[in-house]
Amino acid sequence: MSTQTALNTFVKETGGWVASQLEACTRCGLCAEACHFYQATGVPEYAPVWKVDLLRRTYQQRFTLSGKFKLALGIDKPVSDQDLLDWSKYVYEACTVCNKCSMVCPMGIDLGTLIHDVRAGMAAADLVPADLKAAVELQLKEGSPLGVTDDVFDDRLEWVGDDWEVDMPLDKKGAETLVVFSSIEIMKFPQNLAAIAEILNAAGENWTLSSKAREVVNFGYYEGSRENTVIFLRRILDHAVELGVKRVVVTECGHAYDALRWTAYNITDVPKDLEITHITHLLAEYVSSGRIKLKEGSLNGGTITFHDACKIQRKGGHIQEPRQVLKVLAPDSFKEMTPNKEEAICCGGGGGVIAIKEADPNRYAAFELKIEQLENVGAKTVVMACSNCRLQFTDCVQHFDLDVKVAGLAQLVADALIE
Amino acid sequence: MNWNAFLEFTRGQLFNVALLFFIGGMVYRLVRVILLGWKRDRVPPAGSKLGGVVKTYLKGFLIWPFVPWVKRTFSRNQVMYLAGGLFHLGLFATILLGTPHMLVWKSLLGFGWPTLPLPIVDWLAAVAIAAMITLLINRRVNPVLKLISGPAEFFNWLFVFLPMVTGYIMTHHLWFPYEVLFSLHMLSVDVLLIWIPMSRISHFIFYFFSRTIHGTEFGKRAVNP
């Protein structure tokens with residue numbers, strides 16, 4: 001491990017954008033109150049302000065007079081190897097980069113992005129938790145962190161196509177829309193593949209899957225390595241160009257959407273006329289334009305609620321779309337949790353946390369906040385548009401033995417289609 | 001000791017030096033941060049960046065900076081929101097709308113403005129002082145604040161507290177001769193002016209950076225900031 005490499009990465013990431021925000025922090029500690037990991041565990045080191053403290057120390061000691069002065073006098077200590085080991089736990093095992101903290105900060109500091117920068121330093125110093133690292137390496141080598149090799153992908157598509165009797169075009173030239181699934185959907189929620197295919201076909205969409213750009217998950221983005229993030233982004237972008245599609249639709253995957261829609265443009269070349277959007281956007285558009293017809297009120301009955309994913313709603317902006325759809329499906333029984341929309345509490349499994357075994361206690365603790373919300377609204381079904389959230393919910397419902405049904409939005413829409 | 005001469009020094013030469021140091025120091029910090037470079041954001045926006053910025057300032061600045069817009073955050077830290085908000089209110093009311101302070105501004109800027117009656121300013125100052133004491137206790141008790149507070153945080157508190165408390169005692173003509181209190185008040189103001197560029201009290205400038213960034217980021221994504 002090389003502490004210096006981490007520090008150099010911090011310095012490289014530090015432009016006016018980062019520096020001005022580090023300068024704005026008054027150390028009031030209010031961000032702690034927004035963090036589900038701090039709320040759930042009470043560990044002060046999980047406060048977002050503390051998670052970015054390495055970045056702040058490096059910045060001050062390298063760039064500011066007072067920082068240099070304090071370092072020389074011994075008031076402030078240089079960042080040590082042990083610090084990096086400690087912070088690796090804080091930023092990977094107790095943070096989903098959900099960015100709720102930035103909504104509470106009186107200064108409005110974009111803490112999520114700064115924590116991502118801390119992860120970048122960790123990745124450069126090779127301090128990524130072993131489980132996450134293994135997943136990154138699998139994705140580099142095989143193209144997938146969950147073992148979706150060429151053969152597995154073909155098998156899965158064939159099986160899904162046969163079992164659900166749905167047409168799934170692959171590498172179709174002349175298609176307008178490229179759909180990219182997450183590996184979680186391919187391996188754990190294959191029904192989602194069928195559901196999305198059914199909806200697209202019903203809407204008469206000219207779409208395709210790609211055998212090369214077959215999954216959208218970006219474990220390089222989780223670990224914070226720009227280099228790996230770009231490698232995984234290019235797999236999608238290059239093959240989108242090759243196929244000549246007009247838009248890329250990310251399915252139910254949050255972090256990947258954040259990487260492709262809101263980050264890619266600043267770290268690699270994205271073709272100008274290529275539109276990148278989320279499946280939730282398509283669903284709402286199809287419903288409101290009448291391209292697909294749904295059985296209205298088909299989900300009326302037990303209370304149904306929507307869980308906002310941090311990367312698709314708060315950071316992705318698709319806040320109204322899922323609600324438009326749910327109000328058609330369950331006009332009487334749809335109820336909001338509190339808080340919701342951009343203020344929602346994160347599921348606790350995103351940002352790579354669910355992939356790290358050591359983070360399990362944190363992950364379960366954070367989910368207890370979600371349980372409280374579900375109980376308060378009396379939810380029988382909880383819907384979401386992120387398969388990472390769905391994995392966390394499915395696991396936690398089992399872990400805590402809850403009587404709640406977990407569902408993906410696309411799945412519900414497909415079930416309610418009128419042929 | 002000749003207090004009148006000392007007063008002349010603290011409100012004359014020393015004040016001028018401190019003020020120049022304050023302005024020079026803040027300009028230096030501002031320029032240094034700006035010169036670190038700004039990358040152009042090439043992400044195609046889904047919403048209006050400007051709209052996000054306007055909204056976030058309306059929410060966070062013009063109305064009341066400490067209103068916890070996010071549900072349930074207020075109940076978790078009432079002391080901090082109330083004391084933090086009241087401190088800033090009392091502080092700004094005193095230094096901008098207190099008559100003696102307005103006259104200082106007038107001598108520096110060349111123009112003045114209407115002020116609040118003394119009893120109101122006096123009460124607001126007392127509230128601000130009480131809020132500061134509450135905030136200090138909170139900083140010593142809250143586990144997160146204990147973790148993130150070093151000597152600098154306590155100096156910040158002390159160097160803001162001293163001008164406030166000397167000013168308050170002076171207004172009420174308590175305990176010490178007027179020129180002694182006035183000298184100490186001016187001395188503490190001078191110290192504060194010198195301290196600000198070296199500390200996080202400078203957030204009054206960088207606030208505008210982080211708020212604007214916040215509004216831009218949320219507006220770009222068509223999310224309410």
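Nothing in this text is a laboratory measurement; each read-out follows from the coordinates by a stated rule. Computed from a predicted model, the values in this text were never measured in an experiment. Here the Cβ positions follow ideal geometry from the backbone for every residue, glycine too, while neighbour counts run over all protein chains shown.
Taking the Cα centre of the protein assembly as shown as reference, the dipole from Cβ charges on Lys and Arg (+1) and Asp and Glu (-1) amounts to some 2440 debye.
For helix A:190-202, what angle does its Cα long axis make with the longest principal axis of chain A, in degrees from 0 to 90 and rounded to 10? Rounded to the nearest ten degrees, it is 60.
As a proxy for reagent exposure, ranking A:Phe219, B:Phe204, A:Phe189 by other Cβ atoms within 10 Å from fewest up yields B:Phe204, A:Phe189, A:Phe219. What the Cβ-Cβ distance of A:Ala134 and A:Gln82 gives, at R0 = 30 Å and to the nearest 0.05, is a FRET efficiency of 0.80.
Quick check on chain A: helices-only [θ] at 222 nm, where DSSP H runs of length 4 and up contribute -39,500 (n - 2.57) each and the sum goes over total residues. Nearest 500, please. Intermediate values should be presented prior to the final figure.
Working: 22 runs with 216 residues, N = 419.
Value at 222 nm, helices only: -15000 deg cm²/dmol.
The residues A:Lys133, B:Lys106, when put in order of fewest to most other Cβ atoms within 10 Å, stand as B:Lys106, A:Lys133.
Summarised in one figure, the compactness ratio Rg/Rh of chain A, Cα atoms and Kirkwood Rh, is 0.98.
Give the shape of the stretch A:131-285 as rounded, prolate or oblate, defined through the alpha-carbon gyration tensor: a ≥ b ≥ c are the square roots of its eigenvalues, a/c under 1.5 means rounded, and otherwise the shape is prolate if a/b is larger than b/c and oblate if not. Walk me through the numbers before you get to the answer.
Values: a/c = 1.72, a/b = 1.21, b/c = 1.43.
Oblate, because a/c is 1.5 or more while a/b does not exceed b/c.
Taking the longest Cα principal axis of chain A as reference, the axis of helix A:387-399 is set at about 90 degrees. In the structure shown, the pairs A:Lys12/B:Lys49; A:Lys133/A:Lys405; A:Lys188/A:Lys295; A:Lys370/B:Lys146; A:Lys51/A:Lys357; A:Lys173/A:Lys272 are assessed against 22 Å; a Cα-Cα span above that value is assigned to A:Lys12/B:Lys49; A:Lys133/A:Lys405; A:Lys188/A:Lys295; A:Lys370/B:Lys146.
Quick test of the membrane-span-like rule: which DSSP H helices of chain B reach at least 24 Å along their long axis (C-alpha atoms) with mean Kyte hydropathy at least -0.5? Before the final figure, lay out each step's value.
On the way: long enough: B:13-35 (32 Å, 1.69); B:78-97 (27 Å, 1.64); B:118-141 (34 Å, 1.56); B:151-171 (30 Å, 1.10); B:178-195 (25 Å, 1.49); B:203-220 (25 Å, 0.02).
Once both thresholds are applied, what remains is B:13-35, B:78-97, B:118-141, B:151-171, B:178-195, B:203-220.
Take chain B, connect every pair of alpha-carbon atoms lying under 10 Å apart with a spring to form a Gaussian network, then pick out the residue of B:Leu108, B:Leu187, B:Leu19 with the largest mean-square fluctuation. Fluctuation is largest for B:Leu108.
Once the Cα atoms are used to define both axes, helix A:279-289 deviates from the longest principal axis of chain A by about 40 degrees.
Multiplying the residue separation of A:Lys212 and A:Asp151 by 0.36 nm and subtracting their alpha-carbon distance yields 20.8 nm. Rounded, prolate or oblate: which one fits the stretch A:88-169, using the alpha carbon gyration tensor with axes a ≥ b ≥ c (rounded when a/c is under 1.5, else prolate when a/b beats b/c, else oblate)? The shape class here is oblate. Have a look at A:Gln392, A:Gln61, A:Gln373 and tell me which one the Gaussian network model of chain A (Cα, springs below 10 Å) gives the largest fluctuation. Sorting by GNM fluctuation, first place goes to A:Gln61.
What ranking of B:Trp113, A:Trp207, A:Trp159, B:Trp157 emerges when the number of other C-beta atoms within 10 Å of each C-beta is taken as an exposure proxy, fewest first? It would help to have the intermediate numbers written out before the result.
Numbers: B:Trp113 10, A:Trp207 22, A:Trp159 13, B:Trp157 17.
Sorted ascending by nearby Cβ count, the order is B:Trp113, A:Trp159, B:Trp157, A:Trp207.
A straight line joining the Cα centroids of the stretch A:137-201 and the stretch A:36-73 runs 43 Å.
Please compute the net charge surrounding A:Leu71, taking Lys and Arg as +1 and Asp and Glu as -1 over other residues with Cβ under 10 Å from its Cβ.
Details: positive: A:Arg57, A:Arg62, A:Lys68, A:Lys70, A:Lys77; negative: A:Asp76.
Taking every other residue near A:Leu71 into account, the sum is +4.
Could you work out how much longer the chain between A:Ser289 and A:Glu372 gets when fully extended? Use 0.36 nm per residue separation minus the Cα distance between them, nm to one decimal.
Details: separation 83, 0.36 × 83 = 29.88 nm, distance 3.66 nm.
In short, 26.2 nm is gained.
Using the rule -39500 (n - 2.57) for each DSSP H run of four or more residues, divided by the residues of chain B, the 222 nm mean residue ellipticity is -23500 deg cm²/dmol.
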